[in-house]
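To keep things clear, I will list the structure first and then write my remarks on it.
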Amino acid sequence: MTTRTLVVVSAGLSVPSSTRLLADRLAAATVAAAGRAAGDAMPVEVTHVELRELAHDITDHLLTGFAPAALRRALDAVAAADGLIAVTPIFNASYSGLFKSFTDVLDRTALDGTPVLLAATGGTARHSLALDHALRPLFAYLRAAVVPTGVFAATEDFAGGALRARIDRAAAELADAMARREPAAPADPFALTTDFAALLAGD
Amino acid sequence: MQFGIFTVGDVTPDPTTGREPTDAERVKAITAIALKAEEVGLDVFALGEHHNPPFVPSSPTTLLGWIAARTERLLLSTSTTLITTNDPVKIAEDYAMLQVLADGRVDLMMGRGNTGPVYPWFGQDIRNGIPLAVENYALLHRLWREEVVDWQGKFRTPLQSFTSTPRPLDGVPPFVWHGSIRSPEIAEQAAYYGDGFFANHIFWPKEHTQRMVGLYRQRFAHYGHGDPDQAIVGLGGQVFMRKNSQDAVREFRPYFDNAPVYGHGPSLEDFSRETPLTVGSPQQVIDRTLGFRDYVGDYQRQLFLLDHAGLPLKTVLEQLDLLGEEVVPVLRKEFAALKPAHVPDAPTHQSLKARVAA
């Protein structure tokens, strides 16, 4: 089967970060699930996008309207991805400002139909529904195909076995959605999609 | 090759003194800058059009008409004329009048504008930006070329038996450039008509310019106006110079850091790397500008932005001296030596008149 690209966006702010830890486990589980696909294993190429490293670029993009080179590479990777894992810490009952700012500078059609696994971290399980009341509507607006299982990890979850089961279920859903979708071809914003006769006719 | 300056006409406080010019002072400063452009031997002065503070040039033909009366040689242009929210009939009339008064020293650059509310203020919808640019220009193009026009479209009252006056000088409409940062439809429009394409080329990465000019050249050839390298291309550029490059950086930094558009964002160094901004010695400006040709090919017009971000008039006039004395003479010679014979110069009234006669 054709190699698929998986981009893992992680918005943790500290180093080391439990958000990145969760992102890595989700990525590994997705690669493993893709490798177990019955009959036809799907190779997956993983690219990590660590938003902390792009925080200045993201702010500059908001202010100037264009992406500096490193951010451009990250945005292009997301737009070309066959699957996306997006992981944010929950701050004040929602995604972090840095995470939202990154989604604000995504190209308009970057996530059209892209299979996405949503995940979040927080100090306690009381934040867990932020996945469904904050992240899901955002990605619905972006026209992403979000898989049914979201993964929330509170600090205490890094002890028990329940998190592992949720990670595996979500990863299997994402791998399955990526396998069922044709490899992505991102839109070129500079490509001419019409000609002058059509423009003049108001088409 | 033509060299000149373009201005958006922003009224911005000088961040080093806190002083903000009045609208009247800024208008007079723009006229002083234009006269200086002719004095130092530049070819083109282009004026923006805006209908909201902090910009003052709401009435470009009035201002350009004043400049035309006090200059002999300077070509007057726009950067840009709002083809979306202006009535194309009024553009046809106003700029034909200016062209007649300026003895043909006029061309225009069409643009869609950068302020959302300007559309509703003028009774339009920003979502129609491209369709407005296409329909309005199609009408303008006819008004300058057909004596009597019957016309019906989507955005304007129909016309029956309408004649736009004065008729263009010598029967030759002003040359038109179409400006756009990243809308391929506008490159297509410029190519279709065989008009010029101007890439803003300030505040944005060079990759935008490269893609847009490449598309325009390819479509220019597609529509049978010549080979791709014969298309008419103009570029913007943003510079600040002092004899010593460290002095230029030190003096310009507070203006950069507080500028509209990009201020409080990237550093001067980052922005100089990511966009065509050049802050340094005249030689650095020469080297960087010659490099533009590497990614757009031989081109016909280079306009510099010198007077924004609250720079005082005195400083801008000093910049014009450096541009006219040390930069442009070298660029003229170097670009001319590089340009193959089959690549045309930018059309002027005289060259277009000669073409019509032939």
Amide hydrogen neighbours beyond the local backbone of residue B:109, cut-off 5 Å, H modeled: B:78, B:81, B:177
Computed magnitude of the charge dipole of the range B:2-357 (debye, nearest 20; Cβ of K, R +1, Cβ of D, E -1): 280
In degrees, nearest ten, helix B:88-101 long axis to first principal axis of chain B (Cα): 70
Crossing angle, helix B:129-145 versus chain B [Cα axis fit, 0-90 degrees, rounded to tens]: 60
Chain B - share of DSSP beta bridges that are antiparallel (%, nearest 5): 10
Estimated D of chain B in µm² per second, where Rh is the Kirkwood radius over Cα pairs and Stokes-Einstein applies at 20 °C, 1.002 mPa s: 103
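Can you give the % of DSSP beta bridges in the protein assembly as shown that are antiparallel, to the nearest 5?
10
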Stokes-Einstein diffusion coefficient of the range B:200-358, Kirkwood radius over Cα pairs, 25 °C, 0.890 mPa s, in µm²/s: 144
Estimated distance in nm for a label pair at residue B:261 and residue A:188, the labels positioned 7 Å out from Cα along Cα-to-Cβ: 2.7
Ranked by how many other beta carbons lie within 10 Å on average, peptides A:2-11, B:282-291, B:117-126 from highest: A:2-11, B:282-291, B:117-126
Of all DSSP beta bridges in the range A:45-203, antiparallel share, percent nearest 5: 15
Charge-dipole axis of the range A:4-200 as Lys and Arg at +1 and Asp and Glu at -1 on Cβ define it, positive-most pick from A:193, A:121, A:48: A:121
Whichever lysines have a C-alpha closer than 16 Å to that of residue B:28, once near sequence neighbours (fewer than 8 apart) are set aside: B:36, B:314
Rounded tilt (10° steps) of B:184-193 against the dominant C-alpha axis of chain B: 50
The protein assembly as shown: translational diffusion in µm²/s, Stokes-Einstein, Kirkwood Rh over Cα pairs, 10 °C, 1.306 mPa s: 61
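Given the pairs B:206/B:333; B:90/B:353; B:206/B:243; B:154/B:353, which span a C-alpha to C-alpha distance of over 28 angstrom in this model?
Details: B:206/B:333 24 Å; B:90/B:353 24 Å; B:206/B:243 26 Å; B:154/B:353 33 Å.
Those over the limit are B:154/B:353.
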GNM result for chain A, Cα springs below 10 Å: residue of A:27, A:153, A:41 fluctuating most strongly: A:41
Distance from the range B:119-143 to the range B:317-332 (C-alpha centre basis), Å: 38
Cα lying deepest toward the dipole's positive end in the range B:258-297, options B:290, B:265, B:277, charges on Cβ: B:290
Computed magnitude of the charge dipole of the range A:4-200 (debye, nearest 20; Cβ of K, R +1, Cβ of D, E -1): 500
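State whether chain A is rounded, prolate or oblate according to the following rule on the C-alpha gyration tensor (a ≥ b ≥ c being the square roots of its eigenvalues): a/c under 1.5 gives rounded; otherwise a/b larger than b/c gives prolate, and the remaining case gives oblate.
Numbers: a/c = 1.99, a/b = 1.33, b/c = 1.49.
Verdict is oblate for chain A.
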11 Å cut-off, amide nitrogen to a point 7 angstrom out along residue B:90 Cα→Cβ, residues in the range B:38-64: B:59-60
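What is the range B:2-357's relative contact order, in percent, from Cα pairs under 8 angstrom and six or more apart in sequence? Please report the intermediate quantities before stating the final value.
Working: 670 pairs, mean separation 65.6, N = 356.
Computed value for the range B:2-357: 18 percent relative contact order.
What is the average number of partner chain Cβ atoms found within 10 Å of a Cβ in B:125-135?
Values: counts 0, 0, 0, 1, 0, 3, 4, 0, 1, 6, 3.
Taking all residues of B:125-135 together, the mean is 2.
To the nearest 20 debye, what charge dipole does the range B:261-358 have about its Cα centre, counting +1 at the Cβ of each Lys and Arg and -1 at the Cβ of each Asp and Glu? Provide the component values of the computation, followed by the final result.
On the way: 10 positive and 13 negative charges, 112 e Å.
Dipole of the range B:261-358, to the nearest 20 debye: 540 debye.
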Point-to-point label distance, residue A:2-residue A:41, nm (Cα→Cβ direction, 7 Å offset): 2.1
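Please identify the helices of chain A, taking whole runs of DSSP H, that span at least 20 Å along their own axis as judged from the Cα atoms and have a mean Kyte-Doolittle score of -0.5 or higher. Provide the component values of the computation, followed by the final result.
Details: long enough: A:18-35 (26 Å, 0.73); A:162-180 (28 Å, -0.01).
TM-like helix candidates: A:18-35, A:162-180.
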Positive-pole candidate from B:71, B:22, B:183, dipole of chain B, charges at beta carbon: B:183
Difference of contour (0.36 nm per residue) and Cα-Cα distance, residue B:222 to residue B:62: 53.8 nm
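Quick note: the coordinates plus some simple rules give every number you see, no bench work behind them. Keep in mind that what you see is a predicted model, and the values were worked out from it rather than measured. Note: ideal-geometry Cβ built from the backbone for every residue, glycine included; neighbour counts use all protein chains shown.
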